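Chemist: Have a look at this one before I ask anything.
The values are calculated or read from the model by the stated rules, or taken from the named source; none is laboratory data. Small disclaimer: the values here were computed from a predicted structure and weren't measured. FYI the Cβ positions are ideal-geometry reconstructions off the backbone, even for glycines, and counts take in every protein chain you see.
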Amino acid sequence: MIEYKVVELAVVTDESIEEVLNERTAEGWQFDGIQFVIREASKRPSMAFVLFTRNLVS
């Protein structure tokens with residue numbers, strides 16, 4: 001069985017992305033992807049969702 005984790009980042013910087021990636025992978029999560037939310041008025045992402053998975057042992 002696969003378990004999923006979604007982490008929302010309200011502040012999108014290289015440091016905040018690195019921090020969540022390092023924290024969650026150290027906990028045994030595998031990075032699965034990232035979705036950026038971009039508003040039309042700005043090219044910079046206003047938030048991001050970082051996706052992780054891990055296998056549950058039954």
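Chemist: Starting from residues that are part of a loop (DSSP other than H, G, I, E, B) and without any contact (Cβ under 8 Å) to a residue 12 or more places away in the chain, keep the ones in the range 12-28 and report whichever is farthest from N55 (Cα to Cα).
Modeler: Out of the qualifying residues, it is T13.
Chemist: OK, next. I'd like the full set of residues that are acidic (D, E), exposed (fewer than 11 other Cβ atoms within 10 Å of the Cβ), more than 27 Å from V57 (Cβ to Cβ) and at pLDDT 95 or above, limited to the range 9-46.
Modeler: Once the filter is applied, which keeps residues that are acidic (D, E), exposed (fewer than 11 other Cβ atoms within 10 Å of the Cβ), more than 27 Å from V57 (Cβ to Cβ) and at pLDDT 95 or above, the range 9-46 yields D14, E15, E18.
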